[in-house]
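Here's the structure, in structure tokens; my notes come after.
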Amino acid sequence: RVGFPDGYVLWLYHPAQRDALDVLGDGAELVVFDWTDDWVRALPGDSDPRERQILEDNQRELLCRADVVFAVSQTLVKRAEVWCPEVHYLPNATDPEVFRPWDPSLPAHPLVARRPALVYLSQITERLDVELVRELALARPGWTVILAGPLVCSETLVAPLKGLFNVILAGPLPYQEAAALVGQADVCLLPHREDALTR
């Protein structure tokens, strides 16, 4: 209803945006599908089979109708090439001007006061291997494990970490502060459960 000028780029990230493709795709000069995760495999195992099928159909439709697909992993690149002739590998990245080695002349972030500091920076979702993090924290009480990022799943997921004095659930941080925290980490962690999505 609002209308767009001719020649716009329609950039889509999720199969749920298929409606946008139906409404805006014909007028776009370029349709891009930025395949950042295999959204079908991201669904919990007990999800409604109809929901799974709709998501799979929408994902395939985006792959077929996109002019260009950017895929976050080589595995997704190979799968996308079956449906779209123009596929490019575009891995996750950060801004190197912001995420850079820490200048030790600057004051330290208060979360890394107890060292060594191990930092995980991401959304806290079901992919986090909470049991692994718990075992690490219990095995190394002198280490500080910092989980920085918004909790986007049920709080019951992180309940096993509550009460562990060396695990900090920092919550979401402003971009610059998150970068500073990562720059000051002794170790950065990616403790994801291994499954079809994280692979």
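Readers should treat all values here as calculations from the given coordinates under stated rules, not as data from a laboratory. Fair warning: this is a prediction, and the values are worked out from it, not measured in the lab. Heads up, the Cβs are rebuilt from the backbone with ideal geometry, glycines too, and the neighbour counts pull from every protein chain shown.
Computed about its Cα centre, the charge dipole of segment 1-51 is approximately 80 debye, with only Lys, Arg, Asp and Glu carrying charge at their Cβ. For residue 160, neighbours were defined as the other residues whose beta-carbon sits under 9 Å from its Cβ, and their charges (Lys and Arg +1, Asp and Glu -1) total +1. In this structure the amide hydrogen of residue 192, modeled in the peptide plane, comes within under 5 Å of the amide hydrogens of 129, none closer than 5 places in sequence on its chain. Here is the list for segment 1-89: trypsin sites (Lys or Arg not before Pro) lying in DSSP coil, each with at most 15 other C-beta atoms within 10 angstrom of its C-beta, are 1. For segment 122-199, the dipole from Cβ point charges (+1 on Lys and Arg, -1 on Asp and Glu) about the Cα centre works out to 60 debye, to the nearest 20.
Pairs of C-alpha atoms in segment 74-177 farther apart than 23 Å represent 45 percent of all such pairs. Distant-in-sequence amide contacts of residue 11, defined by a placed amide H-H separation under 5 Å and a gap of 5 or more residues or a different chain, comprise 32.
Note on segment 138-195 and segment 15-81: Cα centroid distance 30 Å, given to the nearest whole angstrom.
Across segment 18-24, coupling constants 3J(HN,Hα) worked out from phi with the 6.51/-1.76/1.60 Karplus curve, θ = phi - 60°, read 4, 4, 5, 5, 5, 7, 10 Hz, and Gly and Pro carry x. I need the GluC sites (Glu not before Pro) found in segment 17-85, filtered to DSSP loop residues with at most 12 other beta carbons within 10 Å of theirs. Answer in residue order: 29. The dipole here belongs to the chain: it is taken about the Cα centre, uses +1 on the Cβ of Lys and Arg and -1 on the Cβ of Asp and Glu, and is about 800 debye. Look at [x] 94, 41, 33; [y] 57, 43, 34; [z] 60, 49, 44: the one that is Cα extents along the principal axes in Å derived from this structure is [y].
Here the Karplus curve 6.51 cos²θ - 1.76 cosθ + 1.60, taken at θ = phi - 60°, turns the phi angles of segment 96-110 into couplings of x, 6, 9, 8, 9, x, 6, 7, x, 6, 8, x, 6, 5, x Hz, with x standing for Gly and Pro. Using only the Cα atoms of segment 1-78, build the gyration tensor, take square roots of its eigenvalues as a ≥ b ≥ c, and label the shape rounded, prolate or oblate: rounded if a/c is under 1.5, else prolate if a/b is larger than b/c, else oblate. Verdict is oblate for segment 1-78. Here's how it looks for residue 170: its modeled amide H is under 5 Å from those of 147, 148, 149, which are all 5 or more places away or on a different chain. Restricting the chymotrypsin sites (Phe, Trp or Tyr not before Pro) of segment 133-199 to loop positions (DSSP other than H, G, I, E, B) with no more than 15 neighbouring Cβ atoms within 10 Å leaves 165. Computed from backbone phi with θ = phi - 60° and the Karplus coefficients 6.51, -1.76 and 1.60, the 3J(HN,Hα) list for segment 125-140 is 10, 5, 6, 5, 7, 4, 5, 4, 4, 4, 4, 4, 5, 6, 6, 10 Hz; x is used for glycine and proline.
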